[in-house]
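Novice: Okay, here's the structure, questions in a sec.
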Amino acid sequence: MLAVIAGEGALPGAIIQAHHGAWFVRIEGVEAHNPGAPEIAARFERLGQLFYDLRGANVTELCLAGAMARPALDPVAFDPKMMALAPRLMQAMQGGDDALLRLVIAIFEEEGFAVRGAHDLVPGLTAQAGLLAGDPPERPERDDIHRANEILAALGPVDVGQAAVVAGGLCLGIETIQGTDALLRMVSETPDHLRRGAKGVLVKRPKPGQDLRVDMPAIGPATIEGAAKAGLAGVVIAAGGVLIAEREATIAAAEAAGLFLMAQ
């Protein structure tokens with residue numbers, strides 16, 4: 001039996017709809033839309049209770065899906081299991097997202113649950129290599145794509161960045177904890193003279209060695225809208241390594257905005 005630990009966005013609902021009978025785990029304080037699945041209520045502070053409830057529902061597989069901010073934990077509410085796990089979790093929370101999520105996966109696996117990736121549960125969430133929308137990038141954009149890939153490869157070992165914007169060979173920004181939308185807003189406010197007259201590209205891909213079962217990078221119509229407002233020429237994602245939310249709408253938005261959308 002599958003349970004989806006649900007964050008924000010459309011992804012948890014898409015998984016539920018593709019797997020009839022799956023449980024929807026609603027974490028207190030997380031805005032998550034349930035399309036009608038049976039629910040398990042949970043709190044970050046009471047992981048022991050969550051493990052108990054999952055076993056009671058005959059859950060053997062878990063999928064963590066949707067956006068979820070780091071919680072502000074209340075130690076007073078910790079159950080005994082959370083008390084035992086707290087030192088490991090608190091230490092991991094001092095690092096990057098990848099380190100924390102690796103620990104979360106390890107904890108669920110230690111409790112006997114198999115952790116599945118959304119892309120393994122719903123076909124078509126990622127893209128094969130190729131052009132998805134617009135015209136192929138020209139030489140200046142191809143050079144910027146290469147440069148962005150170099151930047152992301154260099155930052156991956158320190159657990160920073162799943163996206164970068166490069167224009168005319170210059171890095172206009174990298175994705176930090178604020179997310180891709182915030183990166184694109186910042187780029188949209190960058191003066192033209194700093195961009196050397198180049199439009200630039202957004203490249204989004206997993207960090208080297210990132211566990212794609214959780215926190216796989218994602219784009220959607222809002223990403224395309226942000227890229228257009230930032231004056232970019234296009235968006236490049238890693239083939240098989242980035243979720244495309246609302247795929248048809250995302251591709252249509254790129255076509256309408258005159259942006260290329262490519263997987264490589």
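The values are calculated or read from the model by the stated rules, or taken from the named source; none is laboratory data. These figures come from a predicted structure and were not determined experimentally. With ideal geometry, Cβ positions are generated from the backbone for all residues, glycine too; neighbour counts draw on all protein chains shown. Note: areas computed on protein heavy atoms with side chains; ligands, DNA, RNA excluded. Shrake-Rupley method; radii C 1.70, N 1.55, O 1.52, S 1.80 Å.
Novice: HN-Hα J couplings of the stretch 196-208 from phi, Karplus 6.51/-1.76/1.60, θ = phi - 60°, integer Hz, Gly and Pro as x?
Specialist: Those phi angles translate into 6, x, 8, 6, x, 9, 9, 10, 10, 7, x, 5, x Hz.
Novice: List the extent of the Cα atoms of the stretch 1-90 along each of their three principal axes, largest first, rounded to whole Å.
Specialist: 37, 26, 18
Novice: Could you list the trypsin sites (Lys or Arg not before Pro) in the stretch 161-208 that lie in coil according to DSSP, counting only those with at most 16 other Cβ atoms within 10 Å of their Cβ?
Specialist: Working: sites: ARG185, ARG195, ARG196, LYS199, LYS204; in loops: ARG196, LYS199.
Passing both the DSSP loop test and the Cβ count: ARG196.
Novice: Taking a 1.4 Å probe, which of LEU85, LEU170 shows the most accessible area, and what order do the others take after it? Intermediate values should be presented prior to the final figure.
Specialist: Details: LEU85 15, LEU170 55 Å².
Solvent-accessible surface, decreasing: LEU170, LEU85.
Novice: I'd like the carbon and sulfur percentage of the solvent accessible area for the stretch 35-159, probe radius 1.4 Å, heavy atoms only, ligands and nucleic acids excluded.
Specialist: Numbers: 3620 of 6680 Å².
Within the stretch 35-159, the accessible surface is 54 percent carbon and sulfur.
Novice: Let me ask something else about it. Please report the net charge: other residues with Cβ closer than 15 Å to the Cβ of MET82, K and R +1, D and E -1. It would help to have the intermediate numbers written out before the result.
Specialist: Numbers: positive: ARG43, ARG46, LYS81, ARG88; negative: GLU28, GLU45, ASP53, ASP74, ASP79, GLU110, GLU111.
Overall, the nearby charge balance is -3.
Novice: Relative to the longest principal axis of the chain, what angle (0 to 90°, nearest 10) does the C-alpha long axis of helix 139-155 take?
Specialist: Its long axis makes an angle of about 30 degrees.
Novice: For the stretch 1-151, what proportion of DSSP beta bridges, expressed in % and rounded to the nearest 5, is antiparallel?
Specialist: On the way: 1 of 16 bridges.
That works out to approximately 5 percent antiparallel.
Novice: Another question, if that's okay. Over the stretch 90-142, what portion of Cα pair distances is larger than 13 Å, expressed as a whole percent? Before the final figure, lay out the partial values.
Specialist: Details: 1023 of 1378 pairs.
Percentage above 13 Å: 74.
Novice: Taking a cut-off of 13 Å between Cα atoms, list the aspartates and glutamates near LYS207, but don't count ones fewer than 8 places away on the same chain.
Specialist: Result set, ordered by chain and number: ASP97, ASP98, GLU150, ASP159, GLU175, ASP215.
Novice: Let me make sure I get this right: for the chain, a, b and c are the square roots of the gyration tensor eigenvalues over alpha carbons, sorted descending. Under 1.5 in a/c it's rounded, otherwise prolate if a/b > b/c, else oblate. Which is it? Please list the in-between numbers first.
Specialist: Working: a/c = 2.42, a/b = 1.76, b/c = 1.37.
In terms of gyration-tensor shape, prolate.
Novice: Taking 2.2 N^0.38 Å as the expected size of a compact globular protein, what ratio does the Cα radius of gyration of the stretch 173-219 give against it, to two decimals?
Specialist: Working: Rg = 13.2 Å, N = 47, 2.2 N^0.38 = 9.5 Å.
This ratio for the stretch 173-219 stands at 1.39.
Novice: Please give the helix 247-257 orientation as an angle from the longest Cα principal axis of the chain, in degrees from 0 to 90, rounded to the nearest 10.
Specialist: 20 degrees
Novice: Arrange the residues GLU61, GLU45 by how much accessible surface each exposes, largest first, with a 1.4 angstrom probe.
Specialist: Numbers: GLU61 55, GLU45 15 Å².
Largest to smallest exposure gives the sequence GLU61, GLU45.
Novice: Right, here's the next one. In the Gaussian network model of the chain, springs joining C-alpha atoms below 10 Å, which of ALA129, ALA65, ALA227 carries the largest mean-square fluctuation?
Specialist: In the Gaussian network model the winner is ALA129.
Novice: Another question about this same structure. What are the lysines whose alpha-carbon lies under 20 Å from the alpha-carbon of LYS229, with same-chain residues fewer than 8 places away excluded?
Specialist: LYS199, LYS204
Novice: How tilted is helix 47-56 with respect to the longest principal axis of the chain? Cα atoms for both, answer in degrees (0 to 90, nearest 10).
Specialist: Once rounded, the angle reads 70 degrees.
Novice: Something else about it: Determine the per residue accessible area of the chain with all protein chains present and a 1.4 angstrom probe, expressed in square angstrom.
Specialist: Numbers: 12570 Å² over 264 residues.
Using a 1.4 Å probe on heavy atoms only, each residue of the chain averages 48 Å².
Novice: Specify the inter-centroid distance of the stretch 113-173 and the stretch 58-110, based on alpha-carbon positions, in whole Å.
Specialist: Here the two parts' Cα centres lie 27 Å apart.
Novice: Another one. Amide H of VAL115 versus every other amide H placed in the peptide plane: which residues, excluding those fewer than 5 positions away on the same chain, fall under 5 Å?
Specialist: Hits under the 5 Å cutoff: LEU62.
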